[in-house]
Structures are given as structure tokens and as C-alpha cells.
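The values are calculated or read from the model by the stated rules, or taken from the named source; none is laboratory data. The structure presented is a predicted model; accordingly, all values stated were derived computationally and were not measured. Note that we place each Cβ from the backbone using ideal geometry, even for glycine, and neighbour counts take in every protein chain shown. Heads up: the accessible areas ignore ligands, DNA and RNA and are worked out on the full protein's heavy atoms, side chains in. Shrake-Rupley method; radii C 1.70, N 1.55, O 1.52, S 1.80 Å.
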Amino acid sequence: MTSSLNLGSPAPSIKVQDWLRGDPISNFQLGEIYIVEFFSTTCGYCGPELSELAKLHKKFSEAGVEFIGIAASEEAATADDARAQVDASITKSLPNTNIRMGFDHSGEMDEDWLKASLSFHVPKAFVVDRDGSIAFIGDLVVLEDVLPKVIDGSWRASAEAMNAEEERIAEARLRLRR
């Protein structure tokens, strides 16, 4: 199995069933940088990860970075139950957020983003660069260092970006073999 969503790939569109917070968005605007964070209420790391997303939002939103949280791997009996779980989790973790938060129970976002990038768990962060291409796939905690380089345009062509991408793919392939 190979990764079809990699560093430099065009970012897939955003196809969510509901926007729980913020204004709806379906396409990325050229000239803008986006952080798309996938999370789940059943993930033990996702609560702290959403808090980290809020900190990054506070720090980088004035630099023109847009932040989007997507719940696309929610486990519940029905889509309505899953949506309610996500809404309650966002209310608890980020009570005053103006970060866009989307919910997809169709599996399309999971397929187009997570599975296409060989990302088998959440949380998972994707950075979409000004040209609508993927600039980074990985853990949100490293974005404190990566984002300034994405903003100044030096990240994607850097050896550091190439190394991070090679490590991500090698780790994914290792998981597939297990």
C-alpha cells in the first residue's frame, strides 16, 4: 500500500456533514495557509491536542493561518449520537473557540485524508500551503517549529521537510506490516 497524499500533493477538499463551529468552508483559498486537525472524542490524546490547537490558533492566526478541526473517525451508534458527542467535547475542551469545527460521519474525509496519507490514528495534523498543496502531515506538537517555516515559504523544499515526510511514510509502512 502506498501513500497517495504526501508532501506536495494537492489538498483534498473538505466534505463534512455539519459545521459545529465557525463558518463553513469546502475549498482552500490560494494564498492562505490552513491547519486541518483530525480528532475524535474516543481518542485519549485528542483533548490535550485540541487545547494545543487553540494555543497555535492564538499564536498564528494573526499571521494568516486558518485552523480547522475535523471529527471524521467518531464511533457511535448513529450519526446523531456521534455529532452530539463531538459537540459536547468541543464545548468542554474549547468553550470559547472560533476555530472552525466540522463533523463527518460519511467516512469520506477519513478516506480522502487519513487513509490516503497512511495515517491510521488521530490526532493527525495536515498543513495546507498557500498554493493548496500539502506542506506537512504529522503531529500537531511539532507545528510550533514547522509553521514559521511554512509561513516564510522555506519549509516544503527543505531537507527537514523531506526527512519528516520520509520518516512518516516509513513509520506508516512499518505499521502496515504488523
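Shape of the stretch 101-168 from the C-alpha gyration tensor: prolate (a/c of 1.5 or more and a/b above b/c, with a ≥ b ≥ c the square roots of its eigenvalues). With a ≥ b ≥ c the root eigenvalues of the C-alpha gyration tensor of the stretch 134-178, is it rounded (a/c under 1.5), prolate (a/b larger than b/c) or oblate? Prolate is the answer for the stretch 134-178, as a/c is 1.5 or above and a/b outweighs b/c. Near G132, the amide H atoms lying under 5 Å from its own belong to G31; only residues 5 or more places off or on other chains count, and H is placed 1.01 Å from N.
Across the chain, the relative contact order, built from alpha-carbon pairs under 8 Å that are at least six residues apart, equals 33 percent.
Spacing of the modelled spin labels on E32 and E144, each 7 Å from Cα toward Cβ, amounts to 2.7 nm. In a fully extended conformation the segment linking A79 and S106 would gain 8.9 nm over its present Cα-Cα distance, using 0.36 nm per residue.
The charge dipole of the chain, taken about the Cα centre with unit charges on the Cβ atoms of Lys, Arg (+1) and Asp, Glu (-1), comes to about 240 debye, rounded to the nearest 20. 3J(HN,Hα) along the stretch 118-124, derived from phi through the Karplus expression 6.51 cos²θ - 1.76 cosθ + 1.60 where θ = phi - 60°, amounts to 6, 9, 9, 8, 10, x, 8 Hz, with x in place of Gly and Pro. The local environment of I151, defined by Cβ-Cβ distances under 14 Å, has a net charge of -4 under the rule Lys, Arg +1 and Asp, Glu -1.
Probing with 1.4 Å while keeping every protein chain in the model, the per residue accessible area of the stretch 99-162 equals 37 Å². For the residue pairs K58/K92; K59/K115; K92/K115; K55/K115; K92/K149, the C-alpha atoms sit more than 21 angstrom apart in K59/K115; K92/K115; K55/K115; K92/K149.
Ligands, DNA and RNA left out, the accessible area of the stretch 1-139 computed with a 1.4 Å probe is 46% carbon and sulfur. Seen through its C-alpha gyration tensor, with square-root eigenvalues sorted a ≥ b ≥ c, the chain comes out oblate because a/c lies at 1.5 or above while a/b is not bigger than b/c. Counted by Cβ distance under 15 Å from F60, the other residues give a net charge of -3, where Lys and Arg count +1 and Asp and Glu count -1. Its relative contact order, with pairs defined as Cα atoms under 8 Å and 6+ residues apart, puts the stretch 1-106 at 39 percent.
Taking G47, G153, G138 as the candidate residues, the one with maximal mean-square fluctuation in a Gaussian network model of the chain, Cα springs under 10 Å, is G153.
For the chain, adding -39500 (n - 2.57) for each run of n ≥ 4 DSSP H residues and dividing by the number of residues yields -10500 deg cm²/dmol at 222 nm. Highest mobility in the GNM of the chain, judged by mean-square fluctuation with C-alpha springs under 10 Å and restricted to D152, D80, D18, is found for D152.
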